[in-house]
1. Check Lys138 against each of (1) open to solvent by 50 Å² or more (accessible area, probe 1.4 Å); (2) within 15 Å of the ligand (Cβ to nearest atom); (3) at pLDDT 95 or above; (4) part of a helix (DSSP H, G or I) and name the one condition it does not meet.
2. May I ask you to verify whether Lys148 is assigned to a loop (DSSP other than H, G, I, E, B), away from the ligand (no atom under 16 Å from the Cβ) and surrounded by fewer than 19 Cβ atoms within 10 Å (Cβ to Cβ)?
3. Would you list the helices (runs of 4 or more DSSP H) that sit entirely within region 154-263 and hold 1 or more residues that are open to solvent by 30 Å² or more (accessible area, probe 1.4 Å) and modelled with pLDDT of 95 or more?
4. With the requirement that a residue be closer than 30 Å to Thr246 by Cα and either modelled with pLDDT of 95 or more or in a loop (DSSP other than H, G, I, E, B) (or both), what does region 99-116 give you?
5. Does region 86-97 contain any residue that is assigned to a loop (DSSP other than H, G, I, E, B), in contact (Cβ under 8 Å) with a residue 24 or more places away in the chain and within 16 Å of the ligand (Cβ to nearest atom)?
6. Scan region 90-120 for residues that are closer than 23 Å to Ile131 by Cα and open to solvent by less than 30 Å² (accessible area, probe 1.4 Å) and jot them down.
7. Out of region 32-85, which residues are more than 13 Å from the ligand (Cβ to nearest atom), open to solvent by less than 60 Å² (accessible area, probe 1.4 Å), out of contact with any strand residue (DSSP E or B) (no Cβ under 8 Å at 6 or more places or on another chain) and not in a helix (DSSP H, G or I)?
8. Checking the condition within 30 Å of Met1 (Cβ to Cβ) and of a type in the set (Asp, Glu), which residue from Glu176, Glu194 passes?
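The values are calculated or read from the model by the stated rules, or taken from the named source; none is laboratory data. What you are looking at is a predicted structure, and each value in this text was computed from that prediction instead of being measured. Positions of Cβ are backbone-derived with ideal geometry, glycine not excepted, and every protein chain shown enters the neighbour counts. For the accessible areas, the whole protein counts, side chains as well, though only heavy atoms, and no ligand, DNA or RNA atoms are used. Shrake-Rupley method; radii C 1.70, N 1.55, O 1.52, S 1.80 Å.
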Amino acid sequence: MEWKQYEDIKVVKIAVNPLFPLMSVYLYFVDGMLVDTGPRIQKRNLKGIFPSWDIKQVALTHSHEDHTGMASWIAKHTDAEIFCHEEMVREANEKARIPWYRELFVGPRFAFSPKPFPDSIRTQAHTFYPIHTPGHTKDHVCLLEPNKGWLFTGDLYITPYPKVFMKEESISGYIESIKKLNTYDYQTVFCGHEGIIRNGKEMMTRKLAYLQKTRNEIIRMNRLGYTEREISKQMFPENVRLEKITFGSFSRMNLIRSCLRNN
Ligand SMILES: [Zn+2]
């Protein structure tokens, strides 16, 4: 686990699994508000730092267990209010049903009782505006601090050039969400897996252009009669590591199919 200070934000980088330090998740704590909680499997490390922070609010960017795994611990040990998108409220009240290998790797996500995001979250020095940004998941939310130009993006950004998707990811969702975000004034992106991106808006704009171009090309090839496999071979000829290590949960085919569906 590493941590640093960026302006008045505490930035914690922690491995998604302690045995595989290559994949990390970032937590951000600013002025009483914690953005995402980290995975349950890191309980031992995280319960060492949470009590030293005076957590008043928790903002969950989306339901995935690497972001929400410690929410039940926080609910039990602090008085913090926990917020998430309204679509996630009901499922949070039960233990998450996740594939066995994900639970093994990241730990379980036990039940907790969050509230739907209010229009804004006020802390002593800041106001954060939750913006619904489906694409990665349906319940995904980014948090904007307009005075600072900060945008907490959960898993919406990660890379400008994704080649693999999970089944439930939606390329149209990403495109519309980034278009929506880009109507706001922001600069710095705080990503759930990549940390701080200072030219965040520029990188998000690159991602938007890449996604639009990729979707157009895949639709064009499909209209010309190429099969999904042929499209995959032509568009993404190289093996993608994430595809193997996630047993195909992330795949090029999922991305292609998302381009060919209308949602
Ligand atoms: Zn996620």
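1. The one condition Lys138 does not meet is (4).
2. yes
3. Filter on region 154-263 gives 171-181, 200-223, 228-235, 252-260.
4. Within region 99-116, Pro99, Gly107, Pro108, Arg109, Phe110, Ala111, Phe112, Ser113, Pro114 meet the criteria.
5. Taking every residue of region 86-97 in turn, at least one turns out to be assigned to a loop (DSSP other than H, G, I, E, B), in contact (Cβ under 8 Å) with a residue 24 or more places away in the chain and within 16 Å of the ligand (Cβ to nearest atom).
6. Ala92, Phe112, Pro114
7. Met70, Thr78
8. One residue alone meets the criteria, Glu194.
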